[in-house]
Amino acid sequence: MLALAAALVVVPVTGTAAGATAADVTAAGATATGAPARGDGTVTVRVVEEVDADGLYDRPAEKGMPGVRVTLTDDHGTVLTRTTDADGAASFRPVGSPLRGGRYRVQAHNPDLASLHPALAGHGDGPDVIRSPIGFVDVSDARDSTYTTGFWAPGGQRREHPEPGPEGRRGAPVQIGDRVWFDTDGDGVQDPSEPPVPGVRVTFAPTSSGPSLTTTTDADGEYYVGTAQGLRPDTTYRVSFDHRGVDPGGLPGRPGAADLTWTAREAGSHRLIDSDVDASGGSTVYVGDPGYVNHTVDAGLTKALRLTLAKADAKTRRPLAGAVLGLWEDTNGTPGLQRHSPGGDRLVGDCATSSTGRCSFGSLPAGTYYLVETGVPEGYVLPSEPVTGPYALTPKNASRGTGLLVRLDAEREKPCGGGKKCA
Ligand SMILES: [Ca+2]
Ligand SMILES: [Ca+2]
Ligand SMILES: [Ca+2]
Ligand SMILES: [Ca+2]
């Protein structure tokens, strides 16, 4: 039965990826010069039961956790699943599997949500440093990678002589993390090949009173703030991310520093791999009881998008100045534009066309937008349906030059009988 449990399980998500064979992988890996690429190395995931909450796997006192489900996911959403062995280890060899790309997302799934928390993450890169239950590995070019993660029971409820309840947990440390990344495709999700962003300042300011705590994301884009840094349990913090110290030169597409913006918030259904910050890089986080560990507070940077509107006279095609439009972002999860408040979509702002007939909205995250005409120049009429859209903005269609260009026509007022204007 153990052999069966540890067997490779392929969960097909896309037909092409799941249908691929070892031969396909080899063919795709061949380089233009004919020299074969070296393929992926091995990913080893170790899952340990933390005891002393120091962020390190301390053998032999701390044991590996057998029977934990571990998954490896590629950019296409193809997933390989394994179960940890008696030592708490699971090993993946992506070569010959449907996985593609060399950079993968690792997840160890909590086997006992009722009593286990993610273990506190340690700092640094050593193989015995415990990291978040979800993370990222690069095994391209035959690099091997060992990823150590774990779980713990604050207060030792699962140990031989437990001190259950608040007494046992008093003084247990707390920790919040964990990642800033570059959302290349602007979808708000941490895809396996999207790179981390080091150098982002993260500040925790209590909403009541007390000092602020500041840290900076490391080479893996990760940050952790915990008891050792002064984080307090049962406290609400305003968390702000500041990307002004980031060198954007190494990011995909080499965006200018002014082109960086925060990506869509709370996209998808998976809090461990979404972005949690609003347009200004802020989020509110409640730190719970002693022992509380939350590694889901992430922030995605992306290249700012632009929408440009070009307004012209319907008949003469001449650019028209003085038209006023509002831009709305579809943020409420309900298809279509809802302008009521509360619960409606978000008004981004207004713009008025200049003598070129154009006006632009910049610094936009990827998403779905609507335009609403609210004013027309003298001699023109508002259209009977002032809302146009939806316009889907993506890094592909809206990151260069004018961004997504929307052309709208304006109709002149119809003269009433006898060549006079209607009253
Ligand atoms: Ca430890
Ligand atoms: Ca993404
Ligand atoms: Ca998150
Ligand atoms: Ca909506």
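Given segment 305-412 reduced to its alpha-carbon atoms as identical point scatterers, what log10 I(q)/I(0) does the Debye formula return at q = 0.12, 0.14, 0.17 Å⁻¹? One equal scatterer on each Cα of segment 305-412 leads to -0.39, -0.53, -0.77. A simple spin-label model places pseudo-atoms 7 Å from Cα toward Cβ; at ASP247 and ALA219 they are separated by 1.3 nm. A simple spin-label model places the labels of SER341 and HIS270 3.5 nm from each other, with each point 7 Å out along Cα-to-Cβ.
Charged neighbours of SER193, selected by a Cβ distance under 12 Å, balance to -4 (K, R count +1; D, E count -1). Paramagnetic label reach from GLU413 (point 7 Å along Cα→Cβ; backbone nitrogen cut-off under 16 Å): within segment 345-375, residues 375. Of the trypsin sites (Lys or Arg not before Pro) found in segment 372-410, those that fall in a DSSP loop while having at most 13 other beta-carbon atoms within 10 Å are ARG400.
Taking only the Cα atoms of segment 370-416, the radius of gyration and Dmax are 14.1, 47 Å. Can you work out the PRE-style zone for SER91? Point 7 Å along Cα to Cβ, and I want the residues of segment 124-156 with backbone N under 17 Å. Under 17 Å, as judged by backbone N against the label point of SER91, lie 139, 142-148 of segment 124-156.
Computed over segment 72-143, the convex hull of the alpha-carbon atoms projects to a mean area of 5.9 nm².
Placing one identical point scatterer on every Cα of segment 173-303 and ignoring solvent, what is log10 I(q)/I(0) from the Debye formula at q = 0.15, 0.21, 0.23 Å⁻¹? Each listed q maps to, in turn, -0.65, -1.20, -1.39.
The Cα-based radius of gyration of the chain, divided by its Kirkwood radius, gives an Rg/Rh of 1.08. Summarising the label geometry, the points placed 7 Å from Cα in the beta-carbon direction at ALA321 and SER363 lie 2.6 nm from one another.
Write down the Kirkwood hydrodynamic radius of segment 202-253, to one decimal in angstroms, obtained as one divided by the mean of 1/r over all alpha carbon pairs.
On the way: mean 1/r = 0.0795 Å⁻¹.
Averaging 1/r across every pair of different Cα atoms and inverting gives 12.6 Å.
The numbers here are math on the coordinates, done by the rules we state, and not lab data. Please read all numbers here as calculations on a predicted model, not as lab measurements. Cβ coordinates were reconstructed from backbone atoms using ideal geometry, including for glycine residues, and neighbour counts include every protein chain displayed.
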